[in-house]
Amino acid sequence: MSQSEDNLLKKIIGHAKEYGFIYPSSEIYDGLSATYDYGPNGVELKNHLKRYWWEAMVQANQNIVGLDAAIFMHPTIWKASGHIDAFNDPLIDNKDSKKRYRADVLIEDYLTKIENKIAKEESKAAKRFGEDFDLDQFRSTNPRVLAYKEKINAITQRLKEALEQSALKDLKSLIEELGIADPVSGSKNWTDVRQFNLMFSTELGSLSGASNKIYLRPETAQGIFVNFLNVQKSGRMRIPFGIAQIGKAFRNEIIARQFIFRMREFEQMEMQYFVKPGEELDWYQHWKEKRMKWHQTLGLGQDNYRFHDHLNLAHYANAACDIEYQFPMGFKELEGIHSRTDFDLKAHEQHSGKKLQFFDPIENKSYVPFVIETSIGLDRLFLALLSNCYTEETLADGSQRTVVKLPAPLAPIKAAILPLVNKDGLSEKAQELFEQLKFHLLCQYDSKDAIGRRYRRQDAIGTPYCVTVDHQTLEDNTVTIRDRDSMEQERVSVTSLTSVLQEKCSMVQLLKQL
Ligand code: ATP
């Protein structure tokens with residue numbers, strides 16, 4: 001991460017804590033690594049994100065329904081899904097610094113460095129050639145760029161093979177050959193690479209022993225698969241149909257850094273779409289496009305997203321990609337779209353001895369459907385929004401403000417109700433307005449400090465509208481609405497205030513763009 005990217009992330013972490021979005025968990029006990037608590041503004045933003053996803057999935061699609069499965073499940077589920085045997089990450093320790101890393105991530109970071117070198121060559125050349133610069137031609141002919149690309153391809157190929165074959169020795173050789181050093185200490189004194197299972201386990205009931213071992217789910221998907229027939233039958237669903245679920249997942253990540261990007265307890269929003277065998281790749285394409293469009297409605301900038309096809313397909317997939325977002329630390333996975341074949345349902349049939357098939361009345365036969373999964377990390381989505389919307393501005397009068405430019409439908413507080421001064425009956429009138437609005441929108445009443453400081457406080461938590469009650473309000477029953485981003489004010493009548501604000505903050509604005 002460059003210094004400025006690192007600084008931006010630090011600023012966001014500081015801002016998130018100061019303004020009640022996110023606190024480190026168990027802070028008075030010096031924290032617990034990679035776990036975070038969402039404060040009053042954080043929980044509101046998170047709830048709005050869940051609602052936007054849920055409405056886009058369940059409300060806007062006739063054939064997608066919801067589910068809320070338990071976190072604890074029968075332990076054989078994790079045997080069937082492959083998580084007990086294969087949900088591993090390759091782990092490597094540096095003997096000098098005693099720091100632990102994911103071997104594949106060390107190699108991927110090395111690849112990113114070469115990509116950065118290519119980008120540097122390109123920007124140098126663009127400056128040198130000015131308007132005549134032809135980027136495509138430069139990329140396909142410049143010897144230095146070509147050599148870098150060749151190196152990337154060779155390393156990528158070896159990494160892919162080593163991961164596919166779980167060839168841990170090859171991963172270590174690759175790290176040694178590339179001369180990869182511990183990013184913290186610079187030491188190249190590495191241990192062997194070992195596999196590390198990411199599932200947390202605990203015991204059910206009061207008896208200990210292997211038979212009582214259960215797991216905290218590492219993904220919400222399996223709760224959907226094992227309920228496939230319950231949902232299909234009780235909802236009389238016909239293929240294709242989807243089941244959506246939002247819930248916690250737990251992974252004992254080897255390294256969990258970068259704030260809420262990689263946590264050990266996090267939330268997923270997953271949708272499993274059950275389709276006819278043979279049609280899965282068309283649906284895979286369909287959901288790739290649909291999900292990208294959903295992201296784009298958030299207004300974080302089209303260029304900040306890209307697809308990344310998986311090099312190393314998971315044991316259950318026949319196609320998979322990530323939607324990556326440009327976080328402060330670079331392009332990283334935000335959502336996974338996976339064509340999971342019939343792997344999970346078939347595995348559960350085998351392990352449970354129960355049929356998990358759909359009877360197709362038109363074809364008059366039963367089959368195990370194929371599955372397309374869309375899986376997004378809610379916390380990562382939160383980080384994408386916070387880091388993108390966090391803005392430091394210098395205003396025309398030279399003063400500074402920090403403003404979080406969240407889309408209005410997602411903002412924690414929709415409107416602040418502010419009496420201009422605390423006398424002449426203005427606070428009473430403002431309180432009255434609060435009472436008028438409180439059943440429709442989450443508002444905040446604030447009468448402390450000068451009006452300018454109150455505006456700044458609301459800017460910092462992303463409140464899109466400030467409603468100010470002034471002396472004119474008492475004369476003509478109008479108030480001003482200040483827009484957070486333009487800082488312009490309009491006067492509206494108190495009688496239309498609720499509907500004006502509701503309209504401006506409605507989630508329908510986002511849903512209609514889908
Ligand atoms: P990564 O490669 O970053 O470890 P993954 O490919 O293992 O992620 P998936 O299993 O596809 O992730 O999980 C689906 C989504 O869940 C991811 O796109 C991500 O948004 C989220 N997610 C996964 N692991 C974490 C984590 N440790 N903390 C926060 N979100 C996570």
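Pairs Lys151/Lys332; Lys293/Lys346; Lys151/Lys248; Lys17/Lys512: which are spaced more than 29 Å apart, C-alpha to C-alpha? In this structure, Lys293/Lys346; Lys151/Lys248; Lys17/Lys512 lie more than 29 Å apart at Cα. Per residue, the solvent-accessible area of region 1-50 (1.4 Å probe, heavy atoms of protein chains only, all protein chains present) comes to 57 Å². For region 59-192, with all protein chains in place and a probe radius of 1.4 Å, 49% of the accessible heavy-atom surface sits on carbon or sulfur.
The alpha-carbon atoms of the chain, seen along their principal axes, cover 78, 65, 55 angstrom, with the largest extent given first.
When both bridge partners sit in the chain, DSSP labels roughly 85% of those beta bridges antiparallel.
Principal axis extents of the Cα atoms in region 185-287, from largest to smallest and rounded to whole angstrom, are 57, 43, 26. Take every pair of alpha-carbon atoms less than 8 Å apart whose residues are at least six positions apart; their mean separation over the length of region 395-511 yields a relative contact order of 31 percent. Kirkwood hydrodynamic radius, region 270-426, all distinct C-alpha pairs: what's the number in Å? Kirkwood radius, region 270-426: 19.2 Å. Computed in the context of the full set of protein chains, the accessible area of region 425-514 at 1.4 Å probe radius has 50% of its extent on carbon or sulfur.
If you count only protein heavy atoms with a 1.4 Å probe, what accessible area per residue comes out for region 395-514, rounded to a whole Å²? Ligands and nucleic acids excluded, the result is 46 Å² per residue.
If you average the sequence gap of Cα pairs under 8 Å that are 6 or more apart and divide by the length of the chain, what percent do you get for the contact order?
Numbers: 852 pairs, mean separation 73.5, N = 514.
It rounds to 14 percent for the chain.
Positive end of the dipole of region 88-197 (Cβ unit charges, origin at the Cα centre): among Trp190, Asn142, Ala154, the Cα lying farthest that way belongs to Trp190. Straight-line reach from Lys124: taking Cα to Cα under 18 Å and skipping same-chain neighbours fewer than 8 places apart, the aspartates and glutamates in range are Glu115, Asp132, Asp134, Asp136. Our summary gives region 115-240 a relative contact order of 11 percent, counting only alpha carbon pairs under 8 angstrom and 6 or more residues apart.
Convex hull volume of the Cα atoms of region 88-197, normalised per residue: 110 Å³. A viscosity of 1.306 mPa s and a temperature of 10 °C, combined with the Kirkwood radius over Cα pairs in Stokes-Einstein, give a translational diffusion coefficient for region 395-511 of 111 µm²/s. Among the GluC sites (Glu not before Pro) in region 412-495, those placed in a DSSP loop whose Cβ has at most 14 other Cβ atoms within 10 Å are Glu488. Counting every alpha-carbon pair across region 353-436, the share separated by more than 18 Å comes to 73%. Ligands, DNA and RNA are left out, and with a 1.4 angstrom probe the accessible area of region 58-118 is 51 Å² per residue. Here region 328-385 has 51 percent of its accessible surface on carbon and sulfur atoms, given a 1.4 Å probe and all protein chains in place.
The values are calculated or read from the model by the stated rules, or taken from the named source; none is laboratory data. Values in this document were obtained by computation on a predicted structure and should not be read as measured data. Glycine gets a Cβ as well: all are built from the backbone with ideal geometry, and neighbour counts include every protein chain shown. All accessible areas refer to the heavy atoms of the entire protein, side chains included, with ligands and DNA or RNA removed. Shrake-Rupley method; radii C 1.70, N 1.55, O 1.52, S 1.80 Å.
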